[in-house]
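Data block below; observations after.
The values are calculated or read from the model by the stated rules, or taken from the named source; none is laboratory data. Just so it is clear, the structure is predicted and the values come from calculations on it, not from any experiment. Cβ: placed from backbone, ideal geometry, glycine included. Neighbour counts: every protein chain shown. The protein model used for the area step is the full one, side chains on, heavy atoms only, and it has no ligands, DNA or RNA in it. Shrake-Rupley method; radii C 1.70, N 1.55, O 1.52, S 1.80 Å.
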Amino acid sequence: MELTPRLYHNLIRPKWITKKYIHDLLNDHIQFQNRIILDFGCGTGANCCLCDAEHYLGVDPDKHRVDFAKNMYPEYKFETSDGSRLPAESGTVDLVLIIAVLHHIPSADIPAFVKEFRRVLKAEGGQVAVIEPCLFDNTRLSNWFMKKYDKGKYIQGEKNYLDFFQDGGFACKVIKKYSKCFMYNELFFVASTAD
């Protein structure tokens with residue numbers, strides 16, 4: 001069953017979980033001020049408050065979630081995008097933010113998205129910040145739980161996530177591997193343009 005945008009926002013992205021497991025972590029390691037941010041797979045817009053409205057663009061394929069985000073955060077810009085081409089000019093984005101999106105995308109499709117991230121990012125200093133559910137060695141119970149209950153059908157291991165970006169010309173650095181709410185393994189890494 002697909003949750004309505006409001007239920008998703010309140011149940012899956014409640015403020016305390018979003019702050020503790022996403023925003024606090026990102027703010028400790030990523031500079032948001034005065035940077036152009038593209039929030040890929042923005043969903044209901046829960047991450048827009050990380051930066052100023054004039055520097056933010058949230059994109060998502062789900063029109064209902066985008067409409068919800070526009071109503072919740074009217075000062076921010078959100079667009080519906082099928083992802084085949086991101087609605088940004090080449091070389092104009094400082095940071096692509098990807099929070100729990102890649103595990104919904106078939107592995108065969110990810111290289112095209114990585115190429116598109118590379119296109120929109122500035123050649124110097126461009127970054128992709130990624131937090132994804134991740135299959136870890138020696139965590140069989142968590143791995144089973146995520147595979148069974150997460151709506152994302154393409155949860156990867158650390159090497160696979162990093163390879164997508166390294167194969168696309170990025171330099172990757174793992175920032176943190178952690179457990180969220182006991183049953184979810186999360187991988188936080190940054191991919192940087194490596195010209």
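Remarks
- Residue 130 out of contact with any Gly (no Cβ under 9 Å at 6 or more places or on another chain) and closer than 18 Å to residue 153 by Cα: yes
- Just one of the listed residues (40, 32) is touching a Cys at 6+ places or on another chain (Cβ under 7 Å) and either hydroxyl-bearing (Ser, Thr, Tyr) or modelled with pLDDT of 75 or more (or both), and it is 32.
- Among the residues making up region 154-195, a single one is open to solvent by less than 50 Å² (accessible area, probe 1.4 Å) and basic (Lys, Arg): 180.
- Pairs linking a residue in region 21-35 that is closer than 16 Å to residue 177 by Cα to a residue that is of a type in the set (Phe, Trp, Tyr), with Cβ atoms under 7 Å and 6 or more positions apart or on different chains, are 25/188.
- Of residues in region 151-183 being part of a strand (DSSP E or B), touching a helix residue (DSSP H, G or I) at 6+ places or on another chain (Cβ under 6 Å) and not β-branched (Val, Ile, Thr), the one modelled with the highest pLDDT: 172
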